[in-house]
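Please treat every number below as a calculation from the coordinates, not as lab data. Bear in mind that the values here come from a model prediction, so they are computed numbers and not experimental data. Note: ideal-geometry Cβ built from the backbone for every residue, glycine included; neighbour counts use all protein chains shown.
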Amino acid sequence: MAEYLASIFGTEKDKVNCSFYFKIGACRHGDRCSRLHNKPTFSQTIALLNIYRNPQNTAQSADGINAVSDVEMQEHYDEFFEEVFTEMEEKYGEVEEMNVCDNLGDHLVGNVYVKFRREEDAEKAVINLNNRWFNGQPIHAELSPVTDFREACCRQYEMGECTRGGFCNFMHLKPISRELRRELYGRRRKRHRSRSRSRERRSRSRERNRGGGGGGGGGGGGRDRERRRSRDRERSGRF
Ligand SMILES: [Zn+2]
Ligand SMILES: [Zn+2]
């Protein structure tokens with residue numbers, strides 16, 4: 001029985017847990033859903049809800065024709081994407097993947113999902129971002145259960161044939177231009193080694209300055225633990 005329950009967990013057969021929340025991190029019933037939305041306490045992924053505004057959905061001229069061309073829209077989107085991606089990496093830590101929904105339903109419209117390499121960075125980002133504003137709106141950030149975007153996204157949309165359009169309940173992930181993709185993800189791969197090394201050096205010297213933590217340097221695991229401990233110390237000071 002337990003095995004059966006585990007095998008259907010988060011699928012449509014699961015009458016207890018909501019499969020949409022489990023896979024996509026958002027469900028159209030929101031808090032009124034009859035099935036459980038199991039909010040994660042740890043995750044690499046965060047969701048910034050309703051933060052991207054597609055100018056083509058808001059700017060329509062009087063005759064109903066889009067006032068924003070496809071080229072302008074893509075430029076605007078690339079700029080938005082680059083700004084958010086860069087800020088996430090600079091402030092919180094390395095980003096594995098970032099995705100933006102082009103859906104129109106209230107629970108998915110403009111959602112941005114950022115998957116960090118480390119859970120600690122995701123946690124830090126959520127705490128910090130919930131105190132911030134973007135484009136005159138308070139940011140709503142939360143840890144998201146989404147880990148596999150292949151499971152969350154709409155395959156028909158990717159092939160250009162989703163008949164449900166913007167109100168589809170799977171993610172319609174809006175592609176960035178090829179140049180930007182190369183710039184953000186390509187650059188990161190090259191940068192990766194030197195960056196993580198300099199970060200370790202930084203955190204080690206921070207520890208030395210505080211005079212805390214014995215030994216230092218040991219194995220990678222020990223260093224991690226040390227870093228976590230020093231983070232807890234920082235946190236207990238601030239709150
Ligand atoms: Zn639900
Ligand atoms: Zn779809």
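Rank the residues 48, 36, 143 as a footprinting-exposure proxy: fewest other Cβ atoms within 10 Å of their Cβ go first.
By the 10 Å Cβ count, ascending: 36, 143, 48.
So, in Å, what gap is there between the alpha-carbon centers of the stretch 126-167 and the stretch 12-53?
About 11 Å separates the Cα centre of the stretch 126-167 from the one of the stretch 12-53.
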